[in-house]
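One structure is given below, encoded as structure tokens.
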Amino acid sequence: MSMFSTGILVLTSPLHTLPLRIAPVLSSAAQLVKRTLYVHLHPGLNLGSGTQPRPVFIPPVVDVSNLITRLYSNAADVCGHLDVCVLLTNVCAQSAAYSGSTTPNCPFPTPQALSHSPEVVLTDFALQDPGQSHQVTQCLQSYAGRCYVCRPGIPSVLLHPQLMKLQEEEDVLEAQQEKAELLETYNDVVVGGTFDRLHGAHKTLLSISCLLANRRFLIGVCDQAMLKKKVLKELIEPYSARVQRLQEFLQDVKPSVQVEIVPLDDPFGASIVDPLLECIVVSEETRKGGEAVNKKRIENGLRALVLHEIQLLKDAHHTEIEEEKISSSSLRARLLGTLLTPPKDNSHLPPLPYVIGLTGGSGSGKSSIAKQLEALGAVRIDCDKLGHEVYQPDTAAYHRVVEKFGSDVLNDDKTINRRALGRKVFGNQEQLKALTDIVWPEIALLVKKKINQARDEDKQVCVVDAAVLLEASWQNLVHEVWVTIIPEEEAVSRITERDGVTTEDALRRLQSQWSNSKQVEHANVVLSTLWEPEVTQKQVLKAWNLLQKRIQQKQEGQ
């Protein structure tokens, strides 16, 4: 069967057996769906009775909360490429269901429109009689159409994951099953977080919050000041993009809940001043933050919030530099070395050698990465060395520098004293621009000469190692821009140790350069030398291997 972009998975197994079934069911679904998988819960739904079942409200019991956690955890393990979303429109406390619906006990008075239009509906329903297959798939198709906006005649598929080996364990669970325990729900619920690159742990937090919220769900999203200490903060999505993704996700999950999203510029935000809030959802890791919120609320004369704690999701794929839990910082680390944005049109450049422009701030480890790429087979073009060449006596740049800045920038042997020249331009933007207007075009000519030489030698890849690549607007010389970044405090530490300068001097040097964030805006690939050398080597090797694939694809496409 062909692959579908988006699908709905209708889960019909009893709640107490689903935790064992969900991994194989998701694995089977991932064979048919490649982008977005919506999950609809209807435990006990009988698609083989011969009568058309209708959707009903499901109470928000503890088992539903546990299933959500298990489902997102399993999804990260077995189908991490899929955007999984558990739909909770039909999961609602009875009192809220009656107050919010014009038709009693009917969660879908009209079919709900989803952000991505479903192309297939799947189910874990266990077919007892093979002769009923057509009847069941027709029933499933009709049921999905009553719940969600689907195109007419949407294909319906019965999944047949290997569940036989689970039967014995399910029998044990059946014997241990106790009466379903209802979750305590609240009118107004609050959470806070960065919500960068919405992942399974975020979705668990948000979904359980939707379970708990009868009326309003307030979300504080970290912005600006709250992002300063985040790992690889330059790769965090813009605030507007994070908010848009949250809104889209929550509109799908539970459109009946009133969602309010506000920027969070301190650890507390509205949580310590909003008198209507009743519950804050935390994890074991953020529980102390929730307790701090309550301390502030009491100081402000407000009642303390109920702390509802959820468990952290383990990341089965984490590496030595990543957290054991599923986290945004780990996902950002995995972006290092990958193509973040496609290269701009570079049709004016010969296809080979493929030219990488490598840049980064002082102390970022740019040159060490350039040397690693050289060891992998790239031709390294060191623009710092070329900068020394353009100052040599009798060059065009030499004469123009002396004419502009005077003979007092010369040594006794008539070579340019770069320190004396530096003192003349330091802190004077007009003088500095006059110098770079002379020097940068001459360096660019030498870079082109080196690239042409590499082409004559049939070299495949050149790396232009240039601290001022972006400031000098040399992007038109390269096919891709690669940027190396490290936190400012780490850069200061490296510069002071390497060059023997003061912290203040190191900071001034960094502040005279483009910031990490500004450089990343122009980057196709980002690398970081923040961790141990072997971690950097893995990054560089990943970047190199992916580059080889891009070059090959480009050659095949021509």
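The values are calculated or read from the model by the stated rules, or taken from the named source; none is laboratory data. All of these numbers come straight from a predicted model, not from anything done at the bench. All Cβ positions, glycine included, derive from the backbone under ideal geometry; neighbour counts span all protein chains shown. Side chains are part of the model used for accessible areas, which takes the heavy atoms of the whole protein and leaves out ligands, DNA and RNA. Shrake-Rupley method; radii C 1.70, N 1.55, O 1.52, S 1.80 Å.
Observations on the model:
- Alpha-carbon centroids, the range 525-558 and the range 445-490: separation in whole Å: 15 Å
- Secondary-structure-derived ellipticity at 222 nm for the chain, considering helices only, amounts to -12500 deg cm²/dmol, per-run term -39500 (n - 2.57) for DSSP H runs with n ≥ 4.
- The listed residues 239, 148, once ranked by accessible area (1.4 Å probe) with the largest placed first, stand as 239, 148.
- For the range 452-558, the solvent-accessible area works out to 52 Å² per residue, with a probe of 1.4 Å and every protein chain left in place.
- Summed side-chain charge close to residue 145 - residues other than residue 145 whose Cβ falls under 13 Å, Lys, Arg +1, Asp, Glu -1: +3
- Oblate is the label for the range 465-558, because the ratio a/c of its alpha-carbon gyration tensor axes (a ≥ b ≥ c) is 1.5 or higher and a/b is not greater than b/c.
- The phi-based Karplus calculation (6.51 cos²θ - 1.76 cosθ + 1.60; θ = phi - 60°) puts the 3J(HN,Hα) values of the range 446-455 at 5, 4, 4, 4, 5, 5, 4, 5, 5, 5 Hz, whole numbers, x for Gly and Pro.
- Residues of the range 48-70 with an amide N closer than 13 Å to a point placed 7 Å from the Cα of residue 106 along the Cα-to-Cβ direction: 54-57.
- Proximal charge balance of residue 406 [Cβ under 13 Å; K/R count +1, D/E count -1]: +2
- Structure note, pairs 203/538; 385/542; 229/538; 233/538; 404/433: Cα-Cα distances above 23 angstrom occur for 203/538; 385/542; 229/538.
- Per-residue accessible area (protein heavy atoms, 1.4 Å probe) orders 442, 457 as 457, 442, starting from the largest.
- Diagonalising the gyration tensor over the Cα atoms of the range 369-500 and scaling each eigenvalue by 5 before taking the square root yields semi-axes of 28, 21, 14 Å, largest first.
- Using a cutoff of 8 angstrom between alpha carbon atoms and counting only pairs six or more residues apart, the relative contact order for the chain works out to 13 percent.
- Apportionment of accessible area to carbon and sulfur, the chain, percent (1.4 Å): 50 percent
- Environment charge of residue 88, counting only residues whose C-beta is closer than 10 Å and scoring Lys/Arg +1, Asp/Glu -1: 0
- Residue-span extension gain [residue 375 to residue 448] - 0.36 nm each, minus C-alpha spacing: 24.1 nm
- Shape category assigned to the range 516-558 from the gyration tensor of Cα positions, a/c cut at 1.5: oblate
- A probe of 1.4 angstrom, applied to the heavy atoms of all protein chains, finds residue 334 with accessible area near 80 square angstrom.
- Cα-based shape type of the chain, given that a ≥ b ≥ c are square roots of the gyration tensor eigenvalues and the cut on a/c is 1.5: prolate
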